[in-house]
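The values are calculated or read from the model by the stated rules, or taken from the named source; none is laboratory data. Everything numeric here is computed off the predicted structure, so don't read it as measured data. Every residue, glycine among them, receives a Cβ derived from its backbone with ideal geometry; neighbour counts consider all protein chains shown. Quick note on the areas: whole protein, heavy atoms, side chains included, nothing else; ligands and nucleic acids left out. Shrake-Rupley method; radii C 1.70, N 1.55, O 1.52, S 1.80 Å.
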Amino acid sequence: MKREIVAIAGPTAVGKTKFSIAIAKEFCGEIVSCDSMQLYKYMNIGSAKPTAQEQAEVKHYLVDEIDPAIPFSAAEYQKRAKEAIEHIFSENKLPVIAGGTGLYLNSLLYEMDFGGAPQNTELRGTLEKEAELFGPQYLYQKLQEVDPQSAARIHPNNVKKVIRALESAESGTPIRDFRNCTEKCKDYHAILMGLTRNRDELYDRINRRVDILVSEGLFREVEELLDRGLTEEDISMKGIGYKEIIGFFDGLYSREEAIELIKKNTRHLAKRQMTWFRRYQDMTWFNLSSYASEKEAQEDMIQWLRKKL
């Protein structure tokens, strides 16, 4: 059997879930999620997780598997996803990778070593205190002096990444820019499909989806997660739709302002996702806005893929 995987990528709310299920069913495949939020348990609404019915249609991996209180990394994703891919191959089925988290997809497409520099707990503690006393800009200036290349990639207010980069620089192993990986994974051949829509249509879908998530109980879901002991410090709770509602509960803004902020941040995310995925030169794009119907788009994708497999 050919060791080929199909990766279906694109911005949030474009329709990846629906089309990946259709393709998996057509080609006897199973889906490996490539989404940094859908892998968490209890976070069903805000992550727009595939429904129980959708998961019953096609087997999904890395959906609803991780406790949100446990930190989860791209390295752990790579390990679990590759194990899932191998299991799907062993069943003589087609692995279909579906999602919008660029770094996760990179970890499956390229030879990426996440080993990096060892953690320096003492230095990290010192840097965290400096951030509290002198502010993010103080640490960022330090990074600019010792590792200007990393500083150019990291936002000055992202204290966690700035500290990690300073740790790496101190160890003599500067932090790597995984966006520049060029050596493709040798375990399989990847067929890349990108889904997009015209901007106005995509943004309208994003806005409408946020309204649907709110109506389905997003605020209640966040409240239940907080009741479980999760806080804004947990990585899982920094996802869009969760951090804004925590701000509402903290009294930073009204319910309506939180909803509008979720929509705005989701639109910004979609833009960043498209910037990331457009770098893949071997990605074939399907603009769903150019089809008369989603059924027509689906048939075109299946016909195109049949020639590739």
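Here are the numbers:
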item: Karplus 3J(HN,Hα) series, Hz, for the range 42-58 with 6.51 cos²θ - 1.76 cosθ + 1.60 (x for Gly, Pro); result: 6, 9, 8, 7, x, 8, 6, 4, x, 5, 4, 5, 5, 6, 6, 5, 9
item: Calculated FRET efficiency for the pair E296/E201, C-beta based, R₀ 22 Å, to 0.05; result: 0.90
item: Calculated P(r) tail over 19 Å for the range 167-309, as whole % of Cα pairs; result: 68 percent
item: Between the range 217-246 and the range 48-102, the Cα center-to-center distance that results, in Å; result: 22 Å
item: Under-5 Å amide H pairs with L195, H placed in peptide plane, nonlocal only; result: A9, G10, F286
item: Mean separation of Cα contacts under 8 Å, 6 or more apart, over the residue count of the chain: relative contact order %; result: 26 percent
item: Under the Karplus curve 6.51 cos²θ - 1.76 cosθ + 1.60, θ = phi - 60°, whole-Hz ³J(HN,Hα) for the range 150-166, x wherever Gly or Pro sits; result: 5, 4, 5, 9, 10, 5, x, 8, 8, 4, 4, 6, 4, 5, 4, 5, 5
item: Amide hydrogen neighbours beyond the local backbone of G29, cut-off 5 Å, H modeled; result: L94
item: Scattering profile of the range 1-126 at q = 0.12, 0.19 Å⁻¹ [log10 I(q)/I(0), Debye over alpha-carbon scatterers]; result: -0.47, -1.06
item: Stokes-Einstein D in µm²/s, Kirkwood radius over Cα pairs - the range 187-268 at 10 °C with 1.306 mPa s viscosity; result: 111 µm²/s
item: Inter-probe distance in nm under a simple model that places probes 7 Å from Cα toward Cβ, at A75 and T121; result: 1.6 nm
item: In degrees, nearest ten, helix 136-146 long axis to first principal axis of the chain (Cα); result: 80 degrees
item: Positive-pole candidate from L108, T12, N120, dipole of the range 1-125, charges at beta carbon; result: T12
item: Amide proton proximity set for I66, modelled H, under 5 Å, gap of 5+; result: Y40, K41
item: Relative compactness, the chain, computed as alpha-carbon Rg over 2.2 N^0.38 Å; result: 1.05
item: Label point distance in nm, R209-E86, each placed 7 Å from Cα along Cα→Cβ; result: 3.2 nm
item: Karplus 3J(HN,Hα) series, Hz, for the range 94-109 with 6.51 cos²θ - 1.76 cosθ + 1.60 (x for Gly, Pro); result: 9, x, 10, 8, 9, x, x, 8, x, 5, 4, 5, 4, 5, 9, 8
item: Check: the chain dipole with +1 on Lys, Arg Cβ and -1 on Asp, Glu Cβ, in debye; result: 1060 debye
item: Accessible surface of the chain [probe 1.4 Å, protein heavy atoms]: carbon and sulfur percent; result: 47 percent
item: Selection from F219, L143, F277 lying farthest towards where the dipole of the range 143-281 points positive, charges on Cβ; result: F277
item: Distance between modelled label sites at R220 and D67, nm, 7 Å Cα→Cβ extension; result: 2.6 nm
item: Alpha carbon convex hull of the range 1-57, projected area averaged over orientations, nm²; result: 4.5 nm²
item: Pairs from K161/K263; K59/K263; K16/K295; K82/K160 whose Cα-Cα separation, in the structure shown, is over 20 Å; result: K161/K263; K59/K263; K82/K160
